[in-house]
Amino acid sequence: MTVMTRKTAAMVSATPNGPSLQQRYDALLEGSDRGSVEWLNAQLEQARHLPDDLPANPAHLEGWSACHAADVAQAYAAYLEQRHQGEPRRYFATRAQALWFLQQVAPTKAVDGAWLHSALRHWHDPRYHGLIRTYLEELGSGDPRCNHVLIYQRLMSRLGCLEQLQLEDDRYLQGSVQLALGLYGDQFLPEVIGYNLGYEQPPLHLLITTYELAELGIDGQYFQLHATIDNAASGHAYLSIQALRQLCPADDPRGFYQRVRLGYRLNDLGIDTPHLISRFDLEAALIQALENKRPFGQFMHSDRCRLQGRTINQWLAEPGAMPRFLQALQAQGWIRRGEDPAQSRWWKLVEGPTAPMYGVFTPYEKQLWHDWIAAGWQSRIRRVPPGSWEVALTPGELSDENAEPDIDNLIERMSGNRHAAPEGLRATRAYLRATGMIQEGAR
């Protein structure tokens with residue numbers, strides 16, 4: 001996870017007259033470059049103008065990483081003390097805000113680890129083994145219970161957030177950077193190492209996010225996993241420094257390290273986590289959800305039901321009328337804000353399998369309704385136990401264990417987010433067997 005929190009809104013979203021970030025992201029997922037080398041160079045040029053907190057001498061990286069870990073631990077201890085003294089949650093005022101955040105960062109989480117994909121081709125070279133090991137652990141070594149992308153997808157499925165929100169284009173920036181680095185990693189090896197160095201230092205916001213998601217009854221396994229696996233003692237943060245040491249060329253260590261620093265700064269393009277979370281506006285999100293639903297519901301209601309003298313169909317037929325629609329629901333007594341939502345007539349229409357409007361709103365949209373109606377009223381927070389996800393491997397999956405593998409084909413199936421599909425999981429396990437990269441456990 002990224003170290004720094006001082007990010008810039010300035011970015012190069014696309015080459016002139018080129019695709020949007022989302023279009024570039026989708027193309028990279030499909031393995032298409034579409035000028036991505038030029039685009040990546042443009043991002044690096046942006047990063048050139050940013051500061052970083054890396055030591056001038058790479059020999060001091062271990063001490064820098066240890067200090068960073070100590071600073072984060074101290075700041076987190078102070079946060080916990082503040083919470084124990086009665087301070088409110090720092091990030092998520094409502095559960096709806098947490099669900100909104102999880103959807104905002106989904107494009108990046110869907111390609112977790114992608115920047116290291118090209119390292120797989122160098123399994124014969126032990127200098128790359130730290131990077132390869134990091135990538136394989138992001139993929140859960142082919143175990144569907146441990147694949148990071150699958151863990152996040154399962155979380156979103158349990159929360160009812162599979163329907164993609166309409167995201168601002170910059171939400172695809174970091175995912176596009178990661179995919180481009182993974183596609184052209186041999187050409188941008190120092191930058192990949194630098195990006196990896198930054199991404200794998202556990203930040204404060206990761207610990208706070210994990211804590212507050214748990215308070216809101218949301219399984220934070222994905223975030224907790226990164227808090228442990230990225231540790232500076234022996235985890236991905238440690239491996240990132242070792243990779244720099246092993247792959248730095250003897251003939252130009254200074255030039256190599258300067259490129260590493262540029263790659264490190266790529267982490268700071270876009271908006272950082274705390275500022276992203278602070279962008280959430282509950283009422284605006286609810287109004288946007290209603291506006292998205294409005295065209296589909298404007299002919300579905302009986303004219304017997306009226307609000308402020310207008311039928312529901314009339315309300316839904318008018319673009320931009322949803323703020324006044326919310327006011328009308330309150331004026332007519334259908335919504336009693338600041339109270340338990342169960343006391344509002346409107347909530348009874350949308351919540352529960354026998355509700356007249358059952359299925360009209362997604363779980364996320366219902367959470368928007370719930371938190372907007374509650375307006376500060378707090379019910380007892382219910383912790384939701386993590387869902388179990390046991391997947392048995394069928395004998396057929398291992399039937400080709402003794403077959404001669406096509407390494408290049410396996411690597412292709414482990415790219416982007418393809419590794420999270422059943423075929424990609426099988427490819428990951430086959431790659432481990434073929435390369436001898438299987439890590440032995442304690443005996």
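What follows draws every value from the coordinates through simple rules; no lab data is involved. This is a predicted model, so every value here is computed, not measured. Backbone-built Cβ (ideal geometry, glycine too); neighbour counts: all protein chains shown.
What's the number of the only condition in (1) in a loop (DSSP other than H, G, I, E, B); (2) within 21 Å of ASN196 (Cβ to Cβ) that VAL72 fails to meet?
(1)
Could you list all residues from the stretch 77-110 that are of a type in the set (D, E, K, R) and assigned to a helix (DSSP H, G or I)?
Result: GLU81, ARG83, ARG95, LYS109.
Among the hydrophobic types (A, V, I, L, M, F, W, C), in contact (Cβ under 8 Å) with a residue 12 or more places away in the chain, more than 19 Å from LEU150 (Cα to Cα) and assigned to a loop (DSSP other than H, G, I, E, B) - does that describe any residue in the stretch 194-203?
no
I'm told GLY198 meets every condition in (1) surrounded by 23 or more Cβ atoms within 10 Å (Cβ to Cβ); (2) over 30 Å from GLY63 (Cα atoms); (3) touching a Ser or Thr at 6+ places or on another chain (Cβ under 8 Å) except one. Can you identify the failing condition by its number?
Just one mismatch for GLY198, condition (2).
Filter the stretch 327-373 down to the residues that are hydroxyl-bearing (Ser, Thr, Tyr) and farther than 16 Å from CYS161 by Cα, then identify the one that is surrounded by the fewest Cβ atoms within 10 Å (Cβ to Cβ).
Step by step, filter the stretch 327-373, then rank; the result is THR354.
If the requirement is being of a type outside the set (Val, Ile, Thr), within 30 Å of ILE373 (Cβ to Cβ) and exposed (fewer than 13 other Cβ atoms within 10 Å of the Cβ), which of these qualifies: PRO51, PRO88, PRO126?
It is PRO88.
Kindly indicate the residue of the stretch 149-169 that is assigned to a loop (DSSP other than H, G, I, E, B) and not aliphatic (A, V, I, L, M) and also farthest from SER20 (Cα to Cα) among those meeting that condition.
Among those that are assigned to a loop (DSSP other than H, G, I, E, B) and not aliphatic (A, V, I, L, M), it is GLY160.
Can you name every residue in the stretch 111-123 that is assigned to a loop (DSSP other than H, G, I, E, B) and buried (at least 20 other Cβ atoms within 10 Å of the Cβ)? Steps first, please.
Pass one, the stretch 111-123, residues assigned to a loop (DSSP other than H, G, I, E, B): 111-113, 123.
Residues satisfying the conditions are VAL111, ASP112, GLY113.
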